[in-house]
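Data block below; observations after.
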Amino acid sequence: MTTDQLRQKFLDFFASCKHKIYPSDSLVPREDPTLLFTSAGMNQFKQEFLSKPTKFTRRATCQRCLRTDDLDKVGKTSSHHTFFEMLGNFSFGDYFKEEAIGFAWKFLTEELNLAQEKLWVSVYREDEEAYQVWQDKVKVSANRIVRLGAKENFWPANAPEEGPNGPCGPCSEIFYDQGKDIGCGSSECDPGCDCGRFVEIWNLVFTQFERKGKNKLEPLPNKNIDTGMGLERMAAVLQGKTSNFEIDIFEKIIESIGNLAGHSPNLSSPACKVIADHIRAVTFAIADGVLPSNDQRGYVIRKLIRRAVWHGKALGIKKAYLYRIVPTVAKVMRAAYPELEKNRAEIAQVVKAEEERFHRTLERASKFAKDVIAGLKKQGKNELPGKEMFKLYDTYGLPKEELKKLVSSKGFKLDEQGFAQELELQRKTSRSASVIAESVFVANLVSKFKLKPTKFVGDKNYSVKTKVCALFKDDEPAQEAKEAEEVKIVLESTPFYGESGGQIGDRGVIKTKSATVQVLDTHRIEQVYLHSGKVTSGIIKLNQKVEAKIDLPRRENITHNHTATHLLQAALRKALGEYLRQAGSWVGPDRLRFDFTHFQALTPREITRVEELVNNQIKQNKKLAVLKMSFEKAQKSGALAFFGEKYQEKVRVIKIGDLSSELCGGTHVSATGELGRFKIISESSVASGIRRIEALTGRAAAEALAQEGNQLKKLGQAFGARQEELPERIEELLSKVKGLDKKLERSRLENFNLRIGKIIKEAKEISGVKIITQRIASAQMNLLRLMADSLRQKLDPAVVVLACSVAKEKVLIVCALSPKARSLGLDATKIIRAISVDLEGSGGGRSDFAQAGGRKPRGLEQALSKVEAIVKKELK
C-alpha cells in the first residue's frame with residue numbers, strides 16, 4: 001500500500017464512522033502564540049479540547065507537523081523526523097475508550113489487514129477500564145497487553161507526579177511486532193523494551209482528568225479522545241520496511257540526492273536521511289510562509305538548511321543543491337498537497353538564496369576561526385573557549401563535528417563544558433522568547449475564562465448599542481474600572497475591527513452616560529474581540545449597557561489602504577509574474593506595507609508600471625464584490641488563498657473586477673475610486689528573497705506627489721534645466737565628480753611617491769627583510785593598494801603594511817610582500833588576519849597581497865606595532 005493510499009484510506013474510514021474530515025492546518029499555528037510550530041494533530045483543536053462548543057464532536061485529520069526536539073537523532077535512527085504527517089481521530093465529549101479502541105482495532109485488522117497476532121498493546125498500569133476493553137471486548141490475549149507507568153503511558157508524560165496542571169489522561173499504545181530477528185532477541189522482549197523489535201504505530205490518549213496539583217487528578221465533565229498514528233511509520237510497516245526512509249515517498253527524494261552527488265553514495269547513510277528529512281521540512285515550512293531568518297521559526301528553517309548543506313558536503317556536494325530537490329518533494333507530496341507543486345519555483349528560489357548565503361557565511365566562518373586560533377596561539381593557549389566555539393556553531397552554522405576537525409587540525413582542543421553552558425543558556429533564552437510553554441494547554445485570556453464569541457457588526461455599523469460582557473484589569477477579571485485605570489473589555493457586539501490579516505485594530509470610545517473609555521487598540525482571539533484602553537472619566541462596570549463608537553476617519557484611511565494592498569498584489573503579479581506571493585502586510589491609517597517574494601530590486605520602470613496598473617483601476621472606479629462561499633469553491637474560482645493560512649469552511653472573498661480576487665476578512669471600500677491616488681514611496685529588501693513596498697493612498701498620496709513635484713522644481717531651478725533635462729544634467733555632474741576624484745587620487749599618489757625615499761630610509765629590518773608600517777592620513781582602499789604596490793617595487797625583500805582611518809568606526813589596511821619576501825615563506829594573508837583582530841575586523845587575499853577592514857580605529861597603532869614580531873616569528 002502506498003503512503004498516499006494509506007492516508008486516504010484512514011480519512012475515508014473515519015468519514016464512514018461519522019467523523020468530520022478536517023484539512024491539515026498550517027505548520028504555523030494560527031492564533032496560538034504558545035506554539036512555535038504545529039507539532040501534533042490536536043493543536044488545531046485546542047479550543048475544542050478546552051470545552052468550546054462545537055458542531056462537530058467527531059473529527060479526523062492528516063496533519064503535517066514539525067518538531068525539532070530530537071534533531072540530533074534524525075538520520076541516526078530509522079524513525080526520527082523533523083517533518084512528518086500525523087493521522088488522528090478526535091472526540092470532544094462524544095465517544096470514549098471503548099469506541100476509540102474499537103475504531104483503531106477495526107482499521108488496523110480489517111482495513112489494513114494486519115495480522116492480529118502481530119499487534120501488541122500497552123496501557124497505563126492503573127487504567128483498568130482500558131485493559132478490560134482490550135481483553136474482554138477486542139479479545140487481545142493477556143500476554144500481548146503490557147502495563148506501563150506514567151512516563152510511557154500518560155499524557156503529558158509523568159503528569160500526575162510532575163505536571164503541568166491542566167487536562168491530561170492515560171493513554172494506550174498499539175505496537176507492531178517485527179519478529180524475533182529484529183532487536184535484542186530475548187524471549188521476554190515486549191513493547192516495554194527499546195531494542196526496536198516493537199514499532200509503536202498508534203497512540204490513543206484518553207483525556208479524562210484535570211490535574212490540580214501533585215497526584216491530584218479530578219475527572220473532567222467532558223471526556224475527550226486524541227489519537228495519533230505516524231503516517232511514515234505505518235507506511236513502513238505496510239511496505240515491509242524496517243526504516244521510514246525506505247518507504248515510497250522517500251525513495252525518489254533520496255534518489256535525487258544520489259544524482260546530485262554525482263556518484264553512488266550509500267543511500268541509507270545518515271547524511272542522505274538528514275538531507276531527505278530536512279528538505280521536506282524546509283519545503284513545507286517555506287510554503288507555509290516561514291522564511292529563513294534569525295528569528296524563532298525562521299531561525300529553525302535556516303538551521304535545517306545549513307545542516308542539510310553540511311551533510312551534502314559529506315557526500316561531496318560543494319555547491320548549492322538543495323533547491324534542486326524541491327520539485328521532487330512537491331511531486332511526491334502532490335496527492336495531499338497540490339499547492340506545493342504550484343509554488344515549487346518560488347520555494348526553490350528561497351532555498352537557493354539561503355544556500356548561497358550560507359556558502360558565503362562559511363568563508364567568513366573559516367576566516368574567523370583562523371583569526372581566533374591565531375590570537376589564542378599568541379597567548380600560548382591551545383583550547384578554543386566555549387563562547388567562541390558556540391559563536392561558530394550558532395552564528396556561522398558550523399556543526400560540532402566540523403568544528404572538531406577544524407580545531408584539531410590546528411593542534412587545538414574544544415572547551416566542551418563551556419560550549420554546553422552556552423548552548424543551555426541559548427535554549428533557556430529561546431524558551432523564554434518564543435513563549436513556548438510546558439503544556440499546549442497553557443490558557444490564554446480567552447480560553448481561561450471561557451469567553452463567548454463577540455458579534456462583529458463593523459462592516460456597516462460604526463456605532464452600536466451593546467453590553468459589557470467581560471472586563472479585565474491586569475489580565476484578571478474585574479467588576480469595574482475607574483478613571484485613569486487601564487482596562488480590557490469584551491462586548492456583546494462590536495463595530496471595532498480586531499487586528500488580523502495585516503490590518504491593525506480600530507480605535508474609538510466606549511461610553512455610558514457617566515463614563516468614557518478611550519479604546520487604543522482592538523485584538524481578536526478566535527472570535528472574541530478584546531478592546532484595550534483607558535478609562536478617561538467615570539466608572540465602567542461589568543454588564544453595563546454602553547455605546548461603542550469607532551474613530552471613523554481613521555477606519556476610512558485604513559480601509560482605503562487595505563483595498564490598495566489587494567490592488568498592489570494583483571499589479572505586482574501582472575507586472576512581475578504569477579509566481580509572486582504575499583509574505584506579509586501591515587495596513588495602517590497613514591500608509592500600507594506589503595512584503596512579497598521576489599529576488600531582486602524592482603527597477604524604476606517596474607515601480608512606475610505597478611503604480612500605473614493600480615491607478616488605472618482606481619480611475620475606473622471598479623465596484624468591489626464581497627462574496628461568501630465554501631473554501632473549496634473559493635479555491636476553484638481562482639481566489640488567492642495563501643498556502644499555510646487557516647480558513648474556516650465558509651470564507652469571504654473580495655473581488656475587484658477581473659484584476660483581483662482574494663480571501664479576506666478585512667474592511668474595504670465599496671469602489672476603487674474612493675482611494676483617490678496611489679503612490680509607492682519605497683521599495684527595499686527585508687530578507688533573502690523578500691522585497692517590501694511601502695505606499696500611500698488618497699490625500700497622503702496626493703501630498704507626496706505634490707512634494708515630489710516641488711523638489712523637482714527646485715532641482716530644475718538649481719540646475720537651470722527643465723524637468724525632463726534633469727537626469728542628463730545630473731549624469732553630467734556625477735561624471736565630473738568621478739573625474740575630480742580620480743584627479744585627487746593621482747595627486748595624492750604623486751605626493752606619496754615624492755616621500756617614498758624618506759619612508760624607505762625609516763624602514764626597519766629583520767633578517768635582511770625591510771619592514772614598512774605607515775598610517776596614511778586620507779585614502780580609500782584603491783589608493784592604499786597603489787601606494788603599497790609602489791613601495792614593494794622599490795624594495796626586495798620587503799613587507800609593506802599601510803593603514804588609514806576613513807571614518808569614526810572604520811579602518812582600512814593592506815599588506816604587500818615583494819617576491820623575495822614570499823620566497824622566504826612569508827604570507828600576506830597570515831599577517832593581515834593576525835593584525836586585523838585588534839581592529840575587530842577580518843580580511844584575506846593572496847599570499848603576496850591582502851587587505852582587511854575593521855571597526856576599531858583605536859586599535860590601529862597596536863595592530864601596526866605587531867607586524868615586526870609576526871615577521872620575526874614567521875622567518876624563524
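The values are calculated or read from the model by the stated rules, or taken from the named source; none is laboratory data. As the structure is a prediction and not an experimental result, all values here were calculated from the model. Note: ideal-geometry Cβ built from the backbone for every residue, glycine included; neighbour counts use all protein chains shown. Please note that ligands, DNA and RNA were not included when accessible areas were found on the heavy atoms of the full protein model with its side chains. Shrake-Rupley method; radii C 1.70, N 1.55, O 1.52, S 1.80 Å.
So the values come out like this:
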item: Cβ-placed point charges (K, R +1; D, E -1), dipole of the chain about Cα centre in debye, nearest 20; result: 3180 debye
item: Most to least accessible of S493, S823 (protein chains only, probe 1.4 Å); result: S823, S493
item: Ordering of 183-193, 866-876 by packing [mean C-beta count within 10 Å, highest first]; result: 866-876, 183-193
item: DSSP beta bridges in the range 668-804 [antiparallel fraction, %, rounded to 5]; result: 65 percent
item: Hits among lysines - C-alpha to C-alpha of K118 under 19 Å, sequence gap 8 or more where chains match; result: K106, K137, K139, K180, K241
item: Percent carbon-and-sulfur accessible area, the range 465-592, ignoring ligands, DNA and RNA, probe 1.4 Å; result: 45 percent
item: Positive dipole terminus of the chain, leading residue within F368, L552, N266 (C-beta point charges); result: F368
item: Rounded accessible area of T242 (nearest 10 Å², 1.4 Å probe); result: 80 Å²
item: Charge context of W202, other residues only, Cβ under 10 angstrom, K/R +1, D/E -1; result: -1
item: Per-peptide average of other Cβ atoms within 10 Å, ordering 830-837, 543-550 highest first; result: 830-837, 543-550
item: Accessible area of the chain divided out per residue, in Å², using a probe of 1.4 angstrom; result: 48 Å²
item: Sorted peptide list for 161-174, 216-229, criterion being average Cβ within 10 angstrom, highest first; result: 161-174, 216-229
item: Cα gyration tensor shape for the range 545-650, rounded if a/c is under 1.5, else prolate or oblate; result: oblate
item: Kyte-Doolittle mean at least -0.5 and Cα axial length at least 18 Å: DSSP H helices in the chain; result: 3-16, 248-261, 270-287, 698-719
item: Most positive-pole-ward Cα, G720, Q178, Y579, against dipole of the chain from beta carbon charges; result: G720
item: Protein accessible area in the range 210-330, 1.4 Å probe - carbon and sulfur %; result: 45 percent
item: Distance histogram in 10 Å bins (all Cα pairs of the range 75-114, percent per bin); result: 21, 34, 32, 12, 0
item: H560 accessible area, assembled protein chains, probe 1.4 Å, Å²; result: 40 Å²
item: Largest to smallest principal axis extent of the C-alpha atoms in the chain, angstrom; result: 103, 78, 52
item: Unsatisfied cross-links (Cα-Cα over 28 Å) in the set K318/K830; K714/K810; K743/K794; K318/K410; result: K714/K810
item: Expected 222 nm ellipticity per residue - DSSP helices of 4 or more, -39500 (n - 2.57), all of the chain, to 500; result: -12000 deg cm²/dmol
item: Of all accessible heavy-atom area on the range 17-151, the percent that carbon and sulfur account for (1.4 Å); result: 46 percent
